[in-house]
Structure formats: C-alpha cells, structure tokens
Amino acid sequence: MKTGQIITLPFVLLVRFYQVAISPVLPSACRYSPTCSQYTIEALKTHGLFKGGWLSIKRIASCNPWGGRGYDPVPEKTCRHK
C-alpha cells in the first residue's frame with residue numbers, strides 16, 4: 001500500500017460508514033450520478049487527500065436545488081511530465 005493510499009484510507013472508510021449506516025435512513029437527495037459519496041471515494045482514490053477532498057467539497061456544495069445535476073464523473077488524473 002502506497003503512502004497516499006494509507007493517508008486517504010480513513011477518509012474512504014468514513015464515507016463507507018456513511019453509505020452503510022447513515023445514508024439508508026435518509027431520503028435520497030443526490031442530484032448527480034455517481035452519488036456524492038461514491039464520487040468522494042473515487043476522487044480520494046484517484047487524486048489523493050487534498051485534490052480529491054477539494055473536488056468532493058465542490059461536488060457536495062453544488063448538490064442542491066440551485067446547483068447542477070446529471071452525470072458528473074471524477075476527472076481523470078493528468079500527467080505533468082515535461
């Protein structure tokens with residue numbers, strides 16, 4: 001397991017806990033596909049704690065009646081090789 005994966009693991013587990021224990025008792029409200037919680041897990045795994053966390057915060061903040069909706073996948077990781 002890489003260092004980045006070790007750092008993000010507690011946050012992924014926290015979101016998984018939300019998905020299993022909390023989300024089922026709440027009404028379905030996510031306006032996006034994949035859901036905001038699944039998006040967060042994918043963003044953390046793809047981009048790491050800081051960029052993935054930032055993408056997740058932006059996504060969750062836009063998941064409201066005045067925000068967006070529809071299919072919104074996690075952006076691919078870009079290479080910065082010169």
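The values are calculated or read from the model by the stated rules, or taken from the named source; none is laboratory data. These numbers come from a predicted model, not from an experiment. When we count neighbours, we look across all protein chains shown, and the Cβ atoms used for this are built from the backbone with ideal geometry, even at glycine. With ligands, DNA and RNA removed, areas are computed over all heavy atoms of the protein, side chains included. Shrake-Rupley method; radii C 1.70, N 1.55, O 1.52, S 1.80 Å.
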When you scan the range 26-53, how many residues do you find that are within 13 Å of Phe11 (Cα to Cα) and either open to solvent by 90 Å² or more (accessible area, probe 1.4 Å) or outside any helix (DSSP H, G or I) (or both)?
2
Quick check on Ser23: is it more than 14 Å from the chain's Cα centre (by Cα), of a type in the set (S, T, N, Q) and open to solvent by less than 70 Å² (accessible area, probe 1.4 Å)?
yes
Starting from residues that are under 14 Å from Thr46 (Cα atoms) and open to solvent by less than 90 Å² (accessible area, probe 1.4 Å), keep the ones in the range 1-15 and report whichever is modelled with the lowest pLDDT.
Gly4
What are the residue pairs meeting all of these: first residue in the range 11-37, first residue closer than 16 Å to Gly53 by Cα, second residue open to solvent by less than 60 Å² (accessible area, probe 1.4 Å) and of a type outside the set (S, T, N, Q), Cβ atoms under 6 Å, and 6 or more apart or on different chains?
Phe11/Leu44; Val12/Ile41; Val12/Leu44; Val15/Ile41; Cys36/Cys30; Cys36/Arg59; Cys36/Cys63; Ser37/Val15
